[in-house]
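The values are calculated or read from the model by the stated rules, or taken from the named source; none is laboratory data. Bear in mind the structure is a predicted one, so any value in this text is a computation, not a measurement. Here the Cβ is made from the backbone with ideal geometry for all residues, glycine too, and neighbour counts use every protein chain on show. Please note that ligands, DNA and RNA were not included when accessible areas were found on the heavy atoms of the full protein model with its side chains. Shrake-Rupley method; radii C 1.70, N 1.55, O 1.52, S 1.80 Å.
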Amino acid sequence: MSTAAQPPFRLLPGRPDSPVLLHVPHGSRAIPEGVRDGILLDDGALERELDHITDSHTAELAGRAADACAVRPWSLVNGLSRLVVDPERFPDEREEMRAVGMGAVYTHTTHRERLRGSETDPEPLLATYFRPYAEAMTEAVDARIAAAGRAVVIDVHSYPTAPLPYELHGAGPRPPVCLGTDPFHTPPRLRAAAADAFAGFGGTAFDTPFAGTYVPLKHFGTDRRVTALMIEIRRDTYMTEPGGPAGPGLDALASALAELVATC
């Protein structure tokens, strides 16, 4: 865990005319010191929680994929842990994960233990971290639309082989690659291209155990120029769980992601 001040996110440029934006929201373990002060876990318990909650090596995966693309995509990479704020949650009552204390500002852990005190006011964290991130993502999507006439958001995630107690839909299939979709923003062509690109890892499935994909609220459900897909990679395909080193599967997955980007 890092406590050093660092940028909350990085926008990594691609080719000016690329419509693709790779999004890596959950790959960091970094927690600013002031935020750490509001977390109830001791250092050992916090490290264990970060092992479970972090989508380890996904930034590296996305970076390798971008390097392999003839037309380099753009990338937006979160530099802070999702324990600071989760930029992909709805910030209001629309978020179903609030039921287990894991809305935009988490109050509970993956094992449903207290992460923050019941008196915690989420507003300072939302103002400092959540809204600026949302604005940056919106601006990045708007820039792709301005440059290419459309934007394709590919969300890069991972998930554990065995379900964790916080999961609301953990009883379903856990394929090597889960493809999260949205009925408005994920067209059939993008679904098919993703299924083809990741076919060689032992199976794919749509929206199990995690469903949906990330689209900025400005565009969500209204702007068909924005298409989107979430890629959830089961961690045993490329790393030692929980929170361990990456293995040889990372290169193959990066190649598959680059193949998908080439079709967009």
Residue match in region 64-74 (condition: closer than 16 Å to GLU167 by Cα and either at pLDDT 95 or above or more than 19 Å from the chain's Cα centre (by Cα) (or both)): no
Any chance ASP182 is crowded, with 17+ Cβ neighbours inside 10 Å, outside any loop (DSSP other than H, G, I, E, B) and acidic (Asp, Glu): no
Extreme residue, surrounded by the fewest Cβ atoms within 10 Å (Cβ to Cβ), among residues of region 20-34 that are in contact with a Phe, Trp or Tyr (Cβ under 8 Å, 6 or more places away or on another chain) and more than 16 Å from ALA147 (Cβ to Cβ): PRO25
Filtered residues of region 48-105 (kept if over 22 Å from ALA211 (Cβ atoms), open to solvent by 40 Å² or more (accessible area, probe 1.4 Å) and of a type in the set (Asp, Glu)): GLU60, ASP67
Candidates ALA162, ALA171, ALA136, ALA147, filtered to the one that is among the small types (Gly, Ala, Ser), modelled with pLDDT of 95 or more and more than 26 Å from PRO216 (Cβ to Cβ): ALA162
Pair list, Cβ under 7 Å, 6 or more apart: region 63-90 residue under 16 Å from THR263 (Cα atoms) and among the hydrophobic types (A, V, I, L, M, F, W, C), other residue open to solvent by less than 10 Å² (accessible area, probe 1.4 Å) and in a loop (DSSP other than H, G, I, E, B): ALA66/PRO73; VAL71/SER18; TRP74/SER18
Unmet requirement for ASP17, which otherwise passes all of (1) within 20 Å of HIS157 (Cα to Cα); (2) open to solvent by 30 Å² or more (accessible area, probe 1.4 Å); (3) assigned to a loop (DSSP other than H, G, I, E, B); (4) not aromatic (Phe, Trp, Tyr): (1)
Search result, residues across region 144-166 that are in a loop (DSSP other than H, G, I, E, B) and either buried (at least 17 other Cβ atoms within 10 Å of the Cβ) or small (Gly, Ala, Ser) (or both): GLY149, PRO160, ALA162, TYR166
Region 191-220 residues that are open to solvent by 50 Å² or more (accessible area, probe 1.4 Å) and assigned to a loop (DSSP other than H, G, I, E, B), paired with ones that are polar (S, T, N, Q) and modelled with pLDDT of 95 or more (beta carbon under 7 Å, 6 or more apart): ASP207/THR181; LYS218/THR138
